Amino acid sequence: MSEPPPTGSIYDRRTRSQRRLTPLRRTLYRLAAPLAIAGVRLWWRLVRVVAVSGADRLEQAVAAHGAVIPVYWHAQQLLPLRQLLDGRRYGLKLGFLISPSVDGELPALLVQRVGGVAIRGSSNNTGARALRDYYEAIVREGVSPALTPDGPRGPRRQCKAGPVLLAQLSGKPIVPMSYAASRIWKFPTWDRHVLPLPFSRAVIAVGEPLMVPRGLDAAALQRWQDRLTETLEALFEEARATLESGARRE
């Protein structure tokens with residue numbers, strides 16, 4: 001559970017929404033967090049993951065590099081998150097970039113309650129600042145920051161430069177992930193967010209770790225972005241094909 005913010009900190013200032021982290025708001029957040037986590041965990045139990053293709057790749061990458069950079073589409077967060085949290089048993093220290101404002105207080109509580117690390121920075125300020133926040137979490141704390149390369153506002157299923165730049169700077173591998181489920185609901189949001197329905201079957205696919213070389217020029221950086229986009233799409237097709245073939249977890 002997070003501690004009350006110190007007086008004069010960024011939490012004590014007005015946010016763009018003109019909200020403050022009052023004692024009442026803090027109490028409500030702390031009451032809401034366990035309820036929200038219970039709902040997510042119940043949903044996880046109601047979706048049957050019948051296979052995890054390439055599960056050993058993530059464990060081996062963590063053993064070799066300490067920290068990794070898990071990447072999945074913004075619309076496909078629910079099941080990769082479940083798989084990544086299971087990685088705590090072999091030392092994966094999962095992190096998420098959370099706004100340092102009042103708006104980020106509840107997400108930070110949620111992350112902490114599921115055993116993750118809240119990186120209190122903002123992707124809405126500048127890309128360089130977000131990159132710095134991620135980099136410091138990796139090199140100083142051994143955190144593996146989970147990234148959605150098309151987030152937070154798209155374009156949908158098109159990789160931005162962030163994950164490639166972070167992998168290049170940190171020397172840590174990108175681990176791409178995707179999944180397919182037998183029955184889903186797509187929200188009418190910009191990313192067409194996917195929710196696997198209760199009692200559906202699902203397959204998670206974990207790709208080969210990608211080591212990004214240093215010294216990329218603009219053209220090489222774009223090629224790596226395209227490669228990551230193609231890899232995530234290929235993993236989705238792999239997961240869907242495995243699901244359709246009726247594969248079962250051993």
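A few comments on the model shown:
- Counting 0.36 nm for each residue step from Glu136 to Leu35 and taking away their Cα separation leaves a gain of 33.2 nm.
- With a cut-off of 11 Å between beta carbons, the residues surrounding Leu58 carry a summed charge of -3, where Lys and Arg count +1 and Asp and Glu -1.
- Apportionment of accessible area to carbon and sulfur, the chain, percent (1.4 Å): 54 percent
- A straight line joining the Cα centroids of the range 31-56 and the range 186-227 runs 20 Å.
- Hits among lysines - C-alpha to C-alpha of Lys93 under 19 Å, sequence gap 8 or more where chains match: Lys172
- Stretch gain in nm, segment Glu208-Val114, where the contour uses 0.36 nm per residue and the Cα spacing is subtracted: 31.2 nm
- The convex hull around the C-alpha trace of the range 171-216, projected and averaged over every direction, spans 4.9 square nanometres.
- Binned Cα-Cα distances of the chain, short to long, each 5 Å bin given as a whole percent: 1, 6, 12, 17, 19, 17, 13, 8, 4, 1, 0, 0
- Rel. contact order, % - alpha carbon contacts under 8 angstrom, at least six apart, the range 44-149: 32 percent
- Partners for Lys186 among lysines (Cα-Cα distance below 24 Å; same-chain residues under 8 apart left out): Lys160
- Considering only Phe96, Phe236, Phe187, the Gaussian network model of the chain with Cα springs below 10 Å gives its largest mean-square fluctuation to Phe187.
- Residue ranking by accessible heavy-atom surface, 1.4 Å probe, largest first, among Thr231, Thr27 comes out as Thr27, Thr231.
The values are calculated or read from the model by the stated rules, or taken from the named source; none is laboratory data. Keep in mind the model is a prediction, meaning the values are calculated, not measured. Every residue, glycine among them, receives a Cβ derived from its backbone with ideal geometry; neighbour counts consider all protein chains shown. Ligands, DNA and RNA are excluded from the accessible area calculation, which covers all protein heavy atoms including side chains. Shrake-Rupley method; radii C 1.70, N 1.55, O 1.52, S 1.80 Å.
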